Amino acid sequence: MAIKPESLIRPEILDLKAYHVPPARGMVKLDAMENPYGLPEDLQREVGAIAGEAALNRYPDPGAGALKARLREVLALPRGMEVLLGNGSDEVIQIIALACAKPGAVILSVEPTFVMFRMIATFAGTGYVGVPLREDFSLDAEATVAALEAHRPAVVFLAYPNNPTGNLFDEQAMERIIESAPGLVVVDEAYHAFAGASFLDRLARFPNLLVMRTLSKLGLAGLRLGLLAGRGEWIEQFEKLRLPYNVSTLTQAVAERVLGRGDVLADQAAAIRREREALFSTLQGIAGVTTYPSRANFILFRVNRADDVFRGLKSHGVLIKNLHGSHPMLAGCLRVTVGTPEENGLFVAALGKCLAETRAA
Ligand SMILES: *Cc1c(COP(=O)(O)O)cnc(C)c1O
């Protein structure tokens, strides 16, 4: 008799829906917070040469020495702090969750937030608590501190700025949570390049604080490199769970080179921030659209009949993210990534048409 998955796989895994990535071929792709600008041609050629010369017959440098040295310099990592590298920051979240998954352990975050916090808690077999944000998506420090006392989470994840809402939480509220937490607090700074704020320089002050970053939203989503910065005593433990060659030779060499040309990605991030402000004002001027302030490279907005607007945009060749139905607080919400001026223009034009169509229907 054949064994069925139901008899072998954990029930909470059977219940999960796989992370869905919609097809985007030929679309104006504004759904995944990617940087719309490629690398300049001279850097593309250098990357090609690096890939050609790389010793792909050998395993990668397990300690990623050259890349780490570059990262220390580019991040201005505070003295005495260590770095853990992951195959994207998703892997870093998973390493932290696995390391802390004692029987009965709980991971806590807010909601709505980055869905991988909850998903990875499930993978690791921990409990998960999501404390609702206030209606304006600000951090509810009172409710969060009460939840810390009630659930004693091993780890708290806070995305700063938050995804999918785009806002930066209040610093004092964050610090209060870090001080009240009985375990670790991981500040996920995936959108740091667009935020102009960070907790990195507070690592020395809070012994339970860790800061996570990624190159994905900065312009290297295809490379898959995330990192965790913090005290050696924590990083040393997480290193034990990191699979030995999780960061490939190509990722190490290319990231090291591109970060060595820090101006390129920084200039692109500055252009994206300017475009975000322009797109925000445009959206604010459209009747029937409620826009939420963003310190990231995307904008959350609310419309009537979001499903229809989302489908309409898709039929006009523009792919964004539909959040309607994903959480009660996100009813009517759509999220658009800031693209090039041309892409944003196509999005705005298509949105105008879709809003007119849904009003007429
Ligand atoms: C996109 C995103 C990540 C994941 O980034 P990768 O490094 O590509 O795995 C992590 N946290 C937040 C809040 C994100 O939005």
message: Please give me the summed charge of the neighbours of GLY325: other residues whose Cβ is under 14 Å from its Cβ, Lys and Arg +1, Asp and Glu -1.
response: +4
field: Of the GluC sites (Glu not before Pro) in the stretch 71-151, those whose Cβ has at most 15 other Cβ within 10 Å and which sit in DSSP loop
entry: GLU135
- prompt: Taking K and R as +1 and D and E as -1, what net charge do the other residues with C-beta under 15 Å from the C-beta of ARG224 add up to?
  reply: -1
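For a footprinting-style exposure proxy, rank ASP170, ASP90 by other Cβ within 10 Å, fewest first.
Neighbour counts put them in this order, fewest first: ASP170, ASP90.
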Low-density loop cleavage sites - trypsin sites (Lys or Arg not before Pro) in the stretch 1-64, where at most 12 other Cβ are within 10 Å (DSSP): LYS17, ARG25, ARG58
task: Label the stretch 1-135 by shape, choosing from rounded, prolate and oblate, from the square roots a ≥ b ≥ c of the eigenvalues of the Cα gyration tensor; if a/c is under 1.5 it is rounded, and otherwise prolate applies when a/b is larger than b/c, oblate when it is not.
output: prolate
query: Using a basic spin-label model with each label point 7 Å from the Cα along Cα→Cβ, how many nm lie between SER138 and HIS327?
result: 1.8 nm
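Using Stokes-Einstein with the Kirkwood hydrodynamic radius over Cα pairs, what translational diffusion coefficient do you get for the chain at 10 °C and a viscosity of 1.306 mPa s, in µm²/s rounded to a whole number?
Diffusion coefficient, whole number: 73 µm²/s.
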task: Using only Cα atoms, locate the centre of the stretch 90-141 and the centre of the stretch 321-349, then give the distance between them in Å, rounded to an integer.
output: 24 Å
query: If we count other beta carbons within 10 Å of each Cβ, what is the order of ARG242, ARG359, ARG213, fewest first?
result: ARG359, ARG242, ARG213
Within the stretch 21-133: Cβ-based charge dipole about Cα centre, in debye rounded to nearest 20 (Lys, Arg +1; Asp, Glu -1): 300 debye
query: Hey, rough spin-label estimate for ALA150 and ALA361, points 7 angstrom out along Cα→Cβ, what's it come to in nanometres?
result: 3.9 nm
field: Calculated [θ] (222 nm, deg cm²/dmol) that DSSP helices of n ≥ 4 give over the chain, each run adding -39,500 (n - 2.57)
entry: -12500 deg cm²/dmol
- line: Here D for the stretch 225-315, in µm²/s, from Stokes-Einstein with a Kirkwood Rh over Cα pairs at 25 °C and 0.890 mPa s, works out to 140 µm²/s
message: In whole Hz and in residue order, list the ³J(HN,Hα) couplings for the stretch 163-172 that follow from phi through the Karplus curve 6.51 cos²θ - 1.76 cosθ + 1.60, θ = phi - 60°; x for Gly and Pro.
response: 10, x, 8, x, 8, 9, 6, 4, 4, 5
task: Mind sorting MET329, MET81 by how few other Cβ atoms lie within 10 Å of their own Cβ, fewest first?
output: MET329, MET81
message: Can you give the FRET efficiency to the nearest 0.05 for ALA18 and GLU239, using r as the Cβ-Cβ distance and R₀ = 35 Å?
response: 0.75
query: So what's the net charge close to ARG273: Lys and Arg +1, Asp and Glu -1, counting the other residues with Cβ under 15 Å from its Cβ?
result: +1
query: Stretch ARG205-ALA54 to full length: gain in nm at 0.36 nm per residue minus the Cα-Cα span?
result: 50.3 nm
message: Counting only pairs 8 or more residues apart or on different chains, how many lysine pairs in the chain have their Cα atoms under 15 Å apart?
response: 4
message: Using the crude model of +1 on Lys and Arg Cβ and -1 on Asp and Glu Cβ, and no other charge, please compute the dipole size for the chain relative to its Cα centre, in debye to 20.
response: 500 debye
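We did not get these values from a lab; they are worked out from the coordinates using the rules stated. Note that the coordinates shown come from a computational prediction; the quantities given were computed from them, not determined experimentally. Because the Cβ atoms are built from the backbone with ideal geometry, glycine has one as well, and the counts that use them run over all protein chains shown.
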